[in-house]
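The values are calculated or read from the model by the stated rules, or taken from the named source; none is laboratory data. Given the structure is predicted, the values throughout are model-derived calculations rather than measurements. Positions of Cβ are backbone-derived with ideal geometry, glycine not excepted, and every protein chain shown enters the neighbour counts.
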Amino acid sequence: MDYAGFFRSELDALRESGNYRHFAELERRCGAFPRAQFHGGPAADEVTIWCSNDYLGMGQHPDVLAAMHEALDTTGAGAGGTRNISGTTHAHVLLEAELADLHGKEAALLFTSGYVSNWATLGTLGARIPGLTILSDSLNHASMIEGIRHSRADRVIWAHNDLADLEAKLAALPLDAPKLIAFESVYSMDGDIAPIAAICDLAERYNAMTYLDEVHAVGLYGPRGGGIAEREGLMDRITVIEGTLGKAFGVMGGYIAASADLCDFIRSHASGFIFTTALPPAVAAGALASVRHLKASGAERAAHQDRVANLRARLDEIGLPHQENPSHIIPVMVGCPVKCKYITDRLLADYGIYIQPINYPTVPKGTERLRITPSPVHSAAQTDQLVGALEELWAQCQLARLPMAAQ
Ligand code: PMP
């Protein structure tokens, strides 16, 4: 086989289909988020990021940085091993206890990312519970899909957030057969929120466990940042709550929170947990400081919601179509991959604004969009600049505007 030719032609095919991924090389400026240094290309040197998942700017919070510096100076760079072989440090243990408490669960288990936590946990539950059927929401994240596939458990896909379809699919299975309903709270591309209470009702009626990905909600919702399930008083009705430390908490890592036995079961069997080097202790210490801070302080959450509402109102004023949803994610709909790419290229080159275009296959064709994520660290001037730039580019692209609410 011509290996070199194979890779080249596969990549060419990706480019031709428009699905080749270009990464913007950015150096975030600590203390000046959302400003970042942009490397390469004809764009301005300094840019403002409007699509970060560091939703609250915790990646530059003084408590987080101090905890990381201290851990780095006292314990060194890496964990030095897997959790099983010399890699479990005090910071890991404290962080797991803090996360268990955050979600009102007996225990929590850390992984190196949210992706790994979904993949390893669903993979292990599906492979190890005899006869388990996993009922998966059709818009679940790739990490859940891959974990379920990898487990080789029976898989039933139910239509996104569709309770009638979920119920029909539950009812078609024997009542005493083991079942797990896997879903998310805030869906990352549309920003819609699952009807968690009603899903719990169905799970209880049909004798199913529940697995809830709160990656886009932890730190952001609930009185202590425990996510949508905390806000809605549903944490004790969810079997497994999964989260990330890499988005609102601003650091890195993933976790599950569940009963002590379920966590112990995953700890004992999940290869994605067992056979990999533990998170660096400084990362665990930084995440711990972030979780503790956001548990005690609602100020960042309030400021976040305020910025989101403000940007939505500003977009309404100029008639830019954005998908209504009850979360912090603002999908501004372009509906054309070429225009979407053009707008983001121009934003970067002419205005120093970085937003990654979201095109097919991440979202369905015809729903290409800008996924905008305002944060408490965006200033009023930066918001004005973004709104002005979008208004100009919308006109350049002759994109439709909604009737202006202000008129
Ligand atoms: N679940 C969902 C819904 C996600 O959007 C993501 C990441 N984009 C993950 C899990 C993975 O989390 P992490 O980035 O911590 O690996």
Can you tell me how many residues in region 315-331 are within 26 Å of Gly222 (Cα to Cα) and either among the polar types (S, T, N, Q) or crowded, with 18+ Cβ neighbours inside 10 Å (or both)? 8
Can we say Ile134 is surrounded by fewer than 18 Cβ atoms within 10 Å (Cβ to Cβ) and either within 16 Å of the ligand (Cβ to nearest atom) or within 23 Å of Arg237 (Cβ to Cβ) (or both)? no
Of all residues being outside any helix (DSSP H, G or I) and in contact with a strand residue (DSSP E or B) (Cβ under 7 Å, 6 or more places away or on another chain) in region 264-303, which is surrounded by the fewest Cβ atoms within 10 Å (Cβ to Cβ)? Just the residue, please. Phe275
Scan of region 137-155 for residues that are surrounded by fewer than 18 Cβ atoms within 10 Å (Cβ to Cβ) and either away from the ligand (no atom under 15 Å from the Cβ) or more than 21 Å from Met189 (Cβ to Cβ) (or both), ordered by number: Arg149, His150, Arg152, Asp154, Arg155
As an exercise: evaluate Thr89 against (1) touching a helix residue (DSSP H, G or I) at 6+ places or on another chain (Cβ under 7 Å); (2) buried (at least 24 other Cβ atoms within 10 Å of the Cβ) and give the number of the one condition it does not meet. (2)
Scan region 354-369 and tell me whether some residue there is farther than 30 Å from Ile196 by Cα, of a type outside the set (Gly, Ala, Ser) and surrounded by fewer than 16 Cβ atoms within 10 Å (Cβ to Cβ). no
Residues being hydrophobic (A, V, I, L, M, F, W, C), in contact with a Leu (Cβ under 9 Å, 6 or more places away or on another chain) and either farther than 26 Å from Ala127 by Cβ or within 16 Å of the ligand (Cβ to nearest atom) (or both): count how many of those fall in region 160-198. 10
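I'm checking my understanding of the structure. Among residues of region 206-253 that are acidic (Asp, Glu) and over 23 Å from Ser52 (Cα atoms), which one is farthest from the ligand (Cβ to nearest atom)?
Ranking the candidates gives Asp236 first.
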For Leu279, state whether it is within 16 Å of the ligand (Cβ to nearest atom), modelled with pLDDT of 95 or more and either of a type in the set (A, V, I, L, M) or under 19 Å from the mean Cα position of the chain (by Cα) (or both). yes
